[in-house]
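Nothing in this text is a laboratory measurement; each read-out follows from the coordinates by a stated rule. Source: prediction; values computed, not measured.
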Amino acid sequence: MDKPRCRKCLLENMEDQQALLRSIEELIEALPEEKRTPEEERQRRLRLCRECDALNSGTCGLCGCFVELRVAKNWLHCPKIPPCW
Ligand code: SF4
C-alpha cells in the first residue's frame, strides 16, 4: 500500500524543503515592487490556499505553481473556477 502523502502544507511548514523555500523567497524579493502583492493580500491568499483541496505539498494541483510564489505575483489569480482569490 502506498504511503499516504501530506497534501495540506505550504513549503514554510516542510523542514526538508527549506532550500527550495529560500529560492522561492529570493524570486519573490526579485519581483519589482509594482508587481508584488501587498503583504496583507498575500497573507489572505495564503489562508485561502491552506484551506483548499488543491493544495499539494506547496504546489497548486490545478496550475502546478508553487503557491507561495503564485500568491506573491499581483497579476496572477487562483485558477479555480470560481477563483478563491
Ligand atoms: S491557487 Fe487556488 S486552486 Fe490553487 S491551491 Fe490556492 S486556492 Fe487552491
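So the values come out like this:
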| read-out | value |
| --- | --- |
| Kirkwood-type radius of region 11-72, with distances r between different C-alpha atoms, in Å | 12.0 Å |
| Cut-off under 5 Å, modelled amide H: who pairs with LEU55 long-range | GLY61 |
